[in-house]
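*Asks:* Take this structure first; my questions come after.
The values are calculated or read from the model by the stated rules, or taken from the named source; none is laboratory data. These figures come from a predicted structure and were not determined experimentally. Quick reminder, even Gly has a Cβ in these numbers, built from the backbone with ideal geometry, and neighbours come from all protein chains shown. Remember, those area values only see protein heavy atoms, side chains included, never the ligands or the DNA or RNA. Shrake-Rupley method; radii C 1.70, N 1.55, O 1.52, S 1.80 Å.
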Amino acid sequence: MFDKALKPFVKKERSKIIRDPVDQCISYHLSRVKEKFPDQRVDVMFDYEILPSRKPKFLAQTAAHVAGAAYYYQRKDVKHDPWGKKKIYGVCIHPKYGGWFAIRGLLLFPDIQVLFLEQPAPVDCVSTEEKRIELLEQFNFHWQDGRYRDIIEVKERYSEEQRVYFATPPAERFRLLGLTQEAQRIEFQ
């Protein structure tokens, strides 16, 4: 996504106002996908959208699990729960990318019905109790260091440039893409 979508998008849109490069890039590319289905109603939802109740429009990790794209590991996937009353959040792991991916949007085709659609099961790639506990502990208590992303042997990770980008505070990311915040602010005002 970073090298093949975000950087070309920023280069192409450099003269326009860019407030949030990643969100605008995802919106741009999903709108292009939507255009490929001119005779279909396609609803696009983004991971950052919320309802008036302040709840998310969709649960991205649950959607990935239901679609068979990644396994959503949760507390209930551990037989001997070691956390007591602590709040433990779940996390998706992909069999190829581990935790090196993000679910940024969802395309719904509400008018299409498939009578015998097979729902693929997500691949359970963190199969031992010990590894699941380690995954959930790393994600919940040490997410900043990103070790949870490598809970399995992964085939592809974010590039070093992408890691630096996402590790940088959002206000400082513009310069990494060759953009100046000042220019963006001036154009926005």
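*Asks:* What number of residues within region 24-55 satisfy the criterion of being among the aliphatic types (A, V, I, L, M), open to solvent by less than 60 Å² (accessible area, probe 1.4 Å) and farther than 17 Å from Ile103 by Cβ? Lay out the reasoning, then the answer.
*Replies:* From region 24-55, those among the aliphatic types (A, V, I, L, M) are 26, 30, 33, 42, 44-45, 50-51; that's our starting set.
Now narrow it down to the ones that are open to solvent by less than 60 Å² (accessible area, probe 1.4 Å): 26, 30, 33, 42, 44-45.
Pick out the ones that are also farther than 17 Å from Ile103 by Cβ and you get 42.
Within region 24-55, residues that are among the aliphatic types (A, V, I, L, M), open to solvent by less than 60 Å² (accessible area, probe 1.4 Å) and farther than 17 Å from Ile103 by Cβ number 1.
*Asks:* Please find, among Tyr158, Tyr148, the residue that is of a type in the set (Phe, Trp, Tyr) and outside any helix (DSSP H, G or I).
*Replies:* Answer to the selection: Tyr158.
*Asks:* Right, next: With respect to Arg173, determine if the residue is in contact (Cβ under 8 Å) with a residue 12 or more places away in the chain, touching an Asp or Glu at 6+ places or on another chain (Cβ under 6 Å), in a helix (DSSP H, G or I) and surrounded by 13 or more Cβ atoms within 10 Å (Cβ to Cβ).
*Replies:* Values: in contact (Cβ under 8 Å) with a residue 12 or more places away in the chain: yes; touching an Asp or Glu at 6+ places or on another chain (Cβ under 6 Å): no; in a helix (DSSP H, G or I): yes; surrounded by 13 or more Cβ atoms within 10 Å (Cβ to Cβ): yes.
The answer is no for Arg173.
*Asks:* Continuing with this model, one more query. How many residues does region 24-45 contain that are aliphatic (A, V, I, L, M) and either in a loop (DSSP other than H, G, I, E, B) or modelled with pLDDT under 95 (or both)? Spell out how you get there, then give the answer.
*Replies:* So the first thing to find is which residues in region 24-45 are aliphatic (A, V, I, L, M), and the list is 26, 30, 33, 42, 44-45.
Going one step further and asking which of them are either in a loop (DSSP other than H, G, I, E, B) or modelled with pLDDT under 95 (or both), we end up with 42.
Number of matching residues: 1.
*Asks:* Acidic (Asp, Glu) and at pLDDT 95 or above: does that describe Glu13? Before the answer, list the steps.
*Replies:* Working: acidic (Asp, Glu): yes; at pLDDT 95 or above: no.
So Glu13 fails the test.
*Asks:* Still on this model: Here's a check for you: in region 1-23, which residue that is crowded, with 17+ Cβ neighbours inside 10 Å and outside any loop (DSSP other than H, G, I, E, B) is nearest to the chain's Cα centre (by Cα)?
*Replies:* My answer is Val22.
*Asks:* Turning to a different aspect of this structure: So which residues in region 161-170 are touching a helix residue (DSSP H, G or I) at 6+ places or on another chain (Cβ under 9 Å) and not in a helix (DSSP H, G or I), if there are any at all?
*Replies:* Once the filter is applied, which keeps residues that are touching a helix residue (DSSP H, G or I) at 6+ places or on another chain (Cβ under 9 Å) and not in a helix (DSSP H, G or I), region 161-170 yields only Thr168.
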